[in-house]
């Protein structure tokens with residue numbers, strides 16, 4: 001129907017409807033391919049395990065495992081303290097070292113990636129048994145009782161990212177994808193900032209006082225959550241500002257279709273196909289998941305990179321939205337300037 005309530009001819013609505021349906025089919029196909037392709041049969045490669053130089057007993061066991069499979073990758077450090085520091089900085093999933101009793105100790109950080117911890121423990125327990133060495137396993141950083149599989153950071157990150165780009169999409173639908181002036185661009189940025197603070201508070205309260213998962217980490221979760229929502233919202237706003245409706249599809253592709261399976265939240269990056277393995281270091285869901293794990297479980301250790309990159313995404317989003325507003329305003333002003341009649345007594349400029 002048009003504005004007068006009359007039915008539009010088929011030729012007026014069919015191409016647009018067909019394009020939207022084709023786009024939806026493409027996104028759904030990509031969604032299925034990405035999720036099923038990445039997660040249907042996780043195959044781990046090169047799970048890093050720390051070991052101290054000169055620890056011949058631990059090195060021999062790791063070398064024996066490495067000779068049979070590429071599941072585990074030994075990472076050597078100058079001493080045991082350096083290896084344990086790497087564990088709490090989330091550089092490795094476990095540290096293997098000899099103990100004074102003639103056996104081995106495997107120190108893990110289950111909160112980093114429970115599936116990776118379980119696999120490393122299983123493989124090295126079998127290897128120690130074959131070497132006739134007793135193995136003691138300790139978890140230096142266990143996941144919270146309310147987060148036994150370590151999935152809460154990922155699911156929380158998904159909700160925060162969803163809230164960010166949906167807020168931007170809602171503003172784009174109601175007010176136009178690109179603001180008509182710098183003032184309106186500033187108001188949109190401010191609106192997304194307020195929304196980010198509110199959703200950050202809601203997320204922190206839900207996983208803290210309401211669900212009692214991280215009762216003592218409300219401030220940390222709020223700070224990461226607000227930054228995540230704002231980064232996702234600004235990226236969406238910038239892309240939509242330049243590309244309009246097509247930008248919404250691109251945002252879903254980047255933040256959801258590729259972003260969620262590539263975040264390393266369900267399975268550690270070493271379990272994913274090669275093309276997704278490093279994605280968590282730059283996509284918003286992966287950065288948010290890593291930031292939440294570092295803030296909640298590791299006293300902010302290892303959080304510098306994901307927090308900085310989230311901040312960069314937020315700044316790039318602001319710049320993208322502002323430049324889109326300037327560009328659109330300039331395009332609207334140019335025809336108006338050409339159509340404006342010349343002042344009396346002043347010659348009309350040629351071109």
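Only a single item in (1) at pLDDT 90 or above; (2) assigned to a helix (DSSP H, G or I) is not met by residue 333, and it is number (1). Going by the structure shown, is residue 219 surrounded by fewer than 20 Cβ atoms within 10 Å (Cβ to Cβ), farther than 28 Å from residue 31 by Cα and out of contact with any helix residue (DSSP H, G or I) (no Cβ under 7 Å at 6 or more places or on another chain)? Answer is yes for this residue.
Of the set (1) more than 15 Å from residue 52 (Cα to Cα); (2) at pLDDT 95 or above; (3) over 20 Å from the mean Cα position of the chain (by Cα), all apply to residue 163 but (3). Assessment of segment 210-231 against the conditions (more than 19 Å from residue 154 (Cα to Cα) and either part of a helix (DSSP H, G or I) or within 18 Å of the chain's Cα centre (by Cα) (or both)) yields no matching residue. Taken across segment 88-98, residues that are over 21 Å from the mean Cα position of the chain (by Cα) and farther than 13 Å from residue 140 by Cα do occur, with at least one present. As a summary of the residue check, residue 131 satisfies the conditions (1) in contact with a helix residue (DSSP H, G or I) (Cβ under 7 Å, 6 or more places away or on another chain); (2) buried (at least 18 other Cβ atoms within 10 Å of the Cβ) except for the one numbered (2).
List the strands (runs of 3 or more DSSP E) that sit entirely inside segment 46-127 and contain at least 2 residues that are surrounded by 23 or more Cβ atoms within 10 Å (Cβ to Cβ).
Hits in segment 46-127: 47-52, 94-98, 104-108.
Take the conditions (1) surrounded by fewer than 21 Cβ atoms within 10 Å (Cβ to Cβ); (2) within 22 Å of residue 316 (Cβ to Cβ); residue 188 misses just one of them, which is (1). Each residue in segment 163-184 was checked for being surrounded by fewer than 21 Cβ atoms within 10 Å (Cβ to Cβ) and touching a residue at least 40 places away in the same chain (Cβ under 8 Å), and 5 of them qualify. Of all residues in segment 17-42, those being surrounded by 11 or more Cβ atoms within 10 Å (Cβ to Cβ) and assigned to a loop (DSSP other than H, G, I, E, B) number 1. Within segment 299-309, one or more residues are part of a helix (DSSP H, G or I), free of Cβ contacts under 8 Å to residues at least 40 places away in the same chain and surrounded by 23 or more Cβ atoms within 10 Å (Cβ to Cβ).
Just one of the listed residues (252, 189) is under 26 Å from residue 331 (Cβ atoms) and either in a helix (DSSP H, G or I) or not assigned by TED's automatic domain parsing to the domain that holds residue 305 (or both), namely 189. Number of residues in segment 197-211 that are under 24 Å from residue 314 (Cα atoms) and buried (at least 19 other Cβ atoms within 10 Å of the Cβ): the value is 4.
The values are calculated or read from the model by the stated rules, or taken from the named source; none is laboratory data. Since the structure is predicted, the reported quantities are computational estimates derived from the model, not experimental observations. Glycine gets a Cβ as well: all are built from the backbone with ideal geometry, and neighbour counts include every protein chain shown.
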